[in-house]
Amino acid sequence: MAEAYKGVFPVVPTIFDERGGLDLAGQRRCVDFMIDAGSHGLCILANFSEQFVLSDHEREVLQDTILAHVAGRVPVIVTTTHFSSRLCAERSRRAQDAGAAMVMVMPPYHGATIRVPEPAIFDFYSLVSDAIDIPIMVQDAPVAGTPLSAAFLARMAREIKNLSYFKIEVPFAANKLRDMIALGGEAIVGPWDGEEAITLMADLEAGATGSMTGGGYPDGIRQITDAWFAGDKEGAAEAYGRWLPLINYENRQGGLLAAKALMKEGGVIACEAGRHPIPALSPATRAGLMTVARRLDPLVLRWGR
């Protein structure tokens, strides 16, 4: 078996220009910064990448541009979520052919009410697995509104060939990670943390081996996880306490635009805007974000200066 992916794999934001078009030069600079900041790998086209405002053509352009630019420097996870089993499988195959190391897929859902039952979810992931040879990460997040029990996740890990990684970012994530690991055993290759690392310490204690965070300060998250995986739990807790105000500000105040605001402030990118109709950060929220960040001196505020 290939060595398991571990560590910090932040989400790459999608960089737009002032008119709302793709800024591919800025996108490449964003990726270079994130690698320089210590990311063990990257995730693209996720919700924090504003995947829901992109056309299918833009998704393919971004996928191919980023994977070509990364050129194997770090592994890249491509989010291929779609309600249709067929289209999700096709997206996943294209991602694999373009050089993805893994695909991340949410269970099928649409809007606030359209869901499918467990047997259909199991078949959905089985069909995606049959189309590819690389690992699948299940994204277990509130936005899907789909209950996925630890027992069901463990069963899928045991019975679906390529499904072996899990990004758990629902309430009581640590308990779910712990239960899933106990039920799934060796089939759970990658129990990962998410939600901008707001629950990172509890999730590490529960057995998480990876963290998929926002893209603004992987160097800060590394201070926590490097200490933890080296056996220095006190050092990890101290680092977590230091970075928690920024983690909290991103998770609770800045949201998906926080990383781009930090990158714009540090000269990494020229435009921090989300794509309309996503509203800009309020001036007060942006100022608060920068005040908290400057206390920590993350690389993002120095990389482009």
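Just a few scattered comments:
- Exclusive hit being among the basic types (K, R) and in a loop (DSSP other than H, G, I, E, B), set R305, R242: R305
- G185 being at pLDDT 95 or above and either crowded, with 17+ Cβ neighbours inside 10 Å or touching a Pro at 6+ places or on another chain (Cβ under 6 Å) (or both): no
- Within the stretch 210-234, residues that are assigned to a helix (DSSP H, G or I) sit with their Cβ atoms under 8 Å from residues that are among the hydroxyl-bearing types (S, T, Y), at 6+ positions apart or across chains, in these pairs: P218/S39; I221/S211; I221/T213; I224/Y240; T225/S211.
- Candidate set: the stretch 130-169, residues that are closer than 24 Å to G214 by Cα and among the β-branched types (V, I, T); chosen: the one surrounded by the most Cβ atoms within 10 Å (Cβ to Cβ): I168
- Hey, A89 under 28 Å from R115 (Cβ atoms), in contact with a Ser or Thr (Cβ under 7 Å, 6 or more places away or on another chain), surrounded by 17 or more Cβ atoms within 10 Å (Cβ to Cβ) and among the aliphatic types (A, V, I, L, M) or not: no
- Sub-9 Å Cβ pairs linking a first residue in the stretch 72-88 that is in contact (Cβ under 8 Å) with a residue 60 or more places away in the chain and part of a loop (DSSP other than H, G, I, E, B) to a second residue that is hydrophobic (A, V, I, L, M, F, W, C) and surrounded by 13 or more Cβ atoms within 10 Å (Cβ to Cβ), at least 6 apart or interchain, are P75/F9; P75/L42; P75/A100; P75/A101; P75/M102, ordered by first then second residue.
- Counting residues in the stretch 251-268 that are within 17 Å of the chain's Cα centre (by Cα), modelled with pLDDT of 95 or more, over 30 Å from G21 (Cβ atoms) and not charged (D, E, K, R) gives zero.
- Count of the stretch 235-245 residues which are within 23 Å of R302 (Cα to Cα), surrounded by fewer than 21 Cβ atoms within 10 Å (Cβ to Cβ) and free of Cβ contacts under 8 Å to residues at least 24 places away in the same chain: 2
- The set of residues from the stretch 98-120 being surrounded by fewer than 20 Cβ atoms within 10 Å (Cβ to Cβ) and in contact with a helix residue (DSSP H, G or I) (Cβ under 8 Å, 6 or more places away or on another chain) comprises A98, G99, Y109, V116, E118.
- Of residues in the stretch 10-36 being of a type in the set (A, V, I, L, M) and not in a loop (DSSP other than H, G, I, E, B), the one surrounded by the most Cβ atoms within 10 Å (Cβ to Cβ): M34
- Of all the criteria given as (1) surrounded by 16 or more Cβ atoms within 10 Å (Cβ to Cβ); (2) out of contact with any Ser or Thr (no Cβ under 7 Å at 6 or more places or on another chain); (3) within 30 Å of P218 (Cβ to Cβ), the one not satisfied by A71 is (1).
- Residue in the stretch 284-296 that is of a type in the set (D, E, K, R), modelled with pLDDT of 95 or more and assigned to a helix (DSSP H, G or I) present: yes
- Within the stretch 274-282, one or more residues are under 15 Å from G215 (Cα atoms) and part of a loop (DSSP other than H, G, I, E, B).
- Some residue of the stretch 39-51 being surrounded by fewer than 22 Cβ atoms within 10 Å (Cβ to Cβ), outside any helix (DSSP H, G or I) and out of contact with any strand residue (DSSP E or B) (no Cβ under 6 Å at 6 or more places or on another chain): yes
- Annotation: P171 fulfils all but one of (1) part of a loop (DSSP other than H, G, I, E, B); (2) without any contact (Cβ under 8 Å) to a residue 12 or more places away in the chain; the unmet one is (2).
- The selection criterion, being assigned to a helix (DSSP H, G or I) and either of a type outside the set (D, E, K, R) or within 20 Å of E169 (Cβ to Cβ) (or both), does not hold for Q139.
The values are calculated or read from the model by the stated rules, or taken from the named source; none is laboratory data. Being a predicted model, the structure only gives us computed values, none of them experimental. In this analysis, Cβ positions are derived from the backbone assuming ideal geometry, glycine residues included, and neighbour counts consider all displayed protein chains.
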